[in-house]
Amino acid sequence: MHRSPKILHQYYSDRTWFKPSKDLVYLTFDDGPCPDLTDWILNLLKVECVSATFFCVGENYLRFPEIINRIKADGHVIGNHTMKHENGFKTDRKHYYRSFLSGHELMNTRLFRPPYGRMPKSLDKKIKEKSEIVMWTWLAKDYDQSILPEIIIQAANEIRPGDILVFHDNVKATSNLKATLLPIIQLLKTKGYSFATL
């Protein structure tokens with residue numbers, strides 16, 4: 001199942017799940033930057049004239065400043081993905097909020113995505129004071145190596161205007177991402193969709 005259930009949209013109604021539009025989709029990448037892979041993504045996006053939003057882990061943001069500079073120079077947008085990719089259901093709430101806040105201040109961004117999409121609802125109000133909490137409507141599941149690229153590409157036919165799409169620039173997602181990103185971009189273009197940043 002690649003589409004997020006509507007019941008979650010209703011329960012976590014303070015979070016952004018999609019952006020109403022007639023012809024735009026929103027391409028996002030989580031977990032990076034990742035040497036080689038993020039550069040590969042940036043090269044492909046430049047060739048395809050596609051804009052994207054990168055939700056970066058703070059530790060990686062600090063580790064690879066040259067990639068961060070390239071993301072910005074290429075006109076893409078940076079979002080916060082916490083400092084250490086904490087699971088909000090398994091992390092003390094004060095610690096989790098500090099990780100969010102450190103990432104927020106480091107990256108100077110108005111966008112935040114909880115790693116794994118997991119964060120207690122009780123934190124929504126406090127985090128929304130500083131950031132837009134961005135979820136997704138379509139998840140590539142590129143990190144799951146048991147899913148064949150053909151299945152991911154087929155699932156992309158479910159994508160609709162206004163959808164927020166999630167891919168990953170991490171080592172685990174590399175093979176699926178490299179096999180699916182370009183075909184999916186091209187598929188969406190043939191449907192008349194354009195790509196925008198959040």
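The values are calculated or read from the model by the stated rules, or taken from the named source; none is laboratory data. All values derive from a computational prediction rather than experimental measurement. As a convention, Cβ positions derive from the backbone with ideal geometry for all residues, glycine included, and neighbour counts pool all protein chains shown. Note: areas computed on protein heavy atoms with side chains; ligands, DNA, RNA excluded. Shrake-Rupley method; radii C 1.70, N 1.55, O 1.52, S 1.80 Å.
Suppose the filter is free of Cβ contacts under 8 Å to residues at least 40 places away in the same chain, on the phi > 0 side of the Ramachandran plot and not polar (S, T, N, Q); does Y116 pass it?
Numbers: free of Cβ contacts under 8 Å to residues at least 40 places away in the same chain: yes; on the phi > 0 side of the Ramachandran plot: yes; not polar (S, T, N, Q): yes.
Taking the combined requirement at face value, the residue satisfies it.
Close contacts from segment 55-75, counting a first residue that is under 16 Å from P114 (Cα atoms) and a second that is part of a helix (DSSP H, G or I) and not aliphatic (A, V, I, L, M), with Cβ to Cβ under 7 Å and a gap of 6+ residues or different chains, come to G58/S102; G58/G103.
Can you find a residue in segment 138-145 that is in a helix (DSSP H, G or I), open to solvent by less than 50 Å² (accessible area, probe 1.4 Å) and either over 18 Å from S4 (Cα atoms) or not charged (D, E, K, R) (or both)? Looking for residues that are in a helix (DSSP H, G or I), open to solvent by less than 50 Å² (accessible area, probe 1.4 Å) and either over 18 Å from S4 (Cα atoms) or not charged (D, E, K, R) (or both), one finds none in segment 138-145, hence no. When restricted to residues that are over 19 Å from G103 (Cβ atoms) and among the basic types (K, R), segment 27-77 contains 2. Looking only at residues of segment 104-123 that are more than 15 Å from the chain's Cα centre (by Cα) and open to solvent by 40 Å² or more (accessible area, probe 1.4 Å), we find that the one that is nearest to Y61 (Cα to Cα) is L106.
One line per residue, one yes/no per condition, for (1) open to solvent by 30 Å² or more (accessible area, probe 1.4 Å); (2) closer than 22 Å to I67 by Cβ; (3) in contact (Cβ under 8 Å) with a residue 24 or more places away in the chain; (4) in a helix (DSSP H, G or I):
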site: S102; (1), (2), (3), (4): yes, yes, yes, yes
site: Q154; (1), (2), (3), (4): yes, no, no, yes
site: L165; (1), (2), (3), (4): no, yes, yes, no
site: L182; (1), (2), (3), (4): yes, yes, yes, yes
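Residue pairs whose Cβ atoms lie under 7 Å apart, sitting 6 or more positions apart in sequence or on different chains, and linking a residue in segment 78-91 that is farther than 15 Å from Y61 by Cβ and part of a loop (DSSP other than H, G, I, E, B) to a partner that is open to solvent by 20 Å² or more (accessible area, probe 1.4 Å) and modelled with pLDDT of 95 or more, are N87/Y116; N87/R118; G88/R118; F89/R118. What about K178, is it open to solvent by 10 Å² or more (accessible area, probe 1.4 Å) and not in a helix (DSSP H, G or I)? So K178 does not fit the description; no.
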